[in-house]
Structure formats: structure tokens, C-alpha cells
Amino acid sequence: MLGMVSGVAITRLTLTKLNDADIPLPPLAEQRRIVAELDAEAVQMEAVRSLLPRFEAKIQRVLERVWGNNGTQ
């Protein structure tokens with residue numbers, strides 16, 4: 001890409017040059033492996049996100065017990 005840039009003071013990459021650029025892609029099997037890995041990570045992230053409210057509630061209960069903010073002061 002750097003070889004396609006023109007200009008000295010203000011460099012630019014024209015749309016024509018960009019459209020003519022060859023962008024290498026991994027083989028289809030590798031693309032599918034990458035997608036499967038990203039999908040598995042997305043499932044794990046959703047599982048973690050679903051636990052957040054439970055842990056936030058636990059933290060709040062502990063803070064209330066430690067700091068005495070449960071109305072018993």
C-alpha cells in the first residue's frame with residue numbers, strides 16, 4: 001500500500017489506486033477456522049456478560065454488610 005501513495009507534503013491514496021490493489025486473503029479453510037474461533041469467543045463473552053449482574057449484586061451485598069449501609073446504622 002505504501003508504494004501506491006503519492007505526494008510529498010500531503011500524501012494520498014486515490015480510490016482508483018485502492019480499487020486496483022490486490023488484497024491477499026487466506027485460504028477459505030483458514031477463513032472458516034478464524035470465523036469458528038471468533039464465534040466460540042463470542043459465546044464465551046456472552047456467558048461472562050450474563051454473570052455480571054449476579055456478581056454486581058453479590059458485591060453490593062458485601063459492601064452493604066461491610067460498610068453498614070443496610071439500614072442498621
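The values are calculated or read from the model by the stated rules, or taken from the named source; none is laboratory data. From a predicted model like this one, the values you see are computed outputs, not experimental measurements. Here Cβ is always computed from backbone atoms with ideal geometry, including for glycine, and neighbour counts include all displayed protein chains.
Quick notes
- Pair list, Cβ under 8 Å, 6 or more apart: region 1-25 residue of a type in the set (Lys, Arg) and loosely packed, with under 10 Cβ neighbours inside 10 Å, other residue modelled with pLDDT of 80 or more and not in a helix (DSSP H, G or I): none
- Here Ala29 clears all of (1) at pLDDT below 95; (2) in a helix (DSSP H, G or I) except the condition numbered (1).
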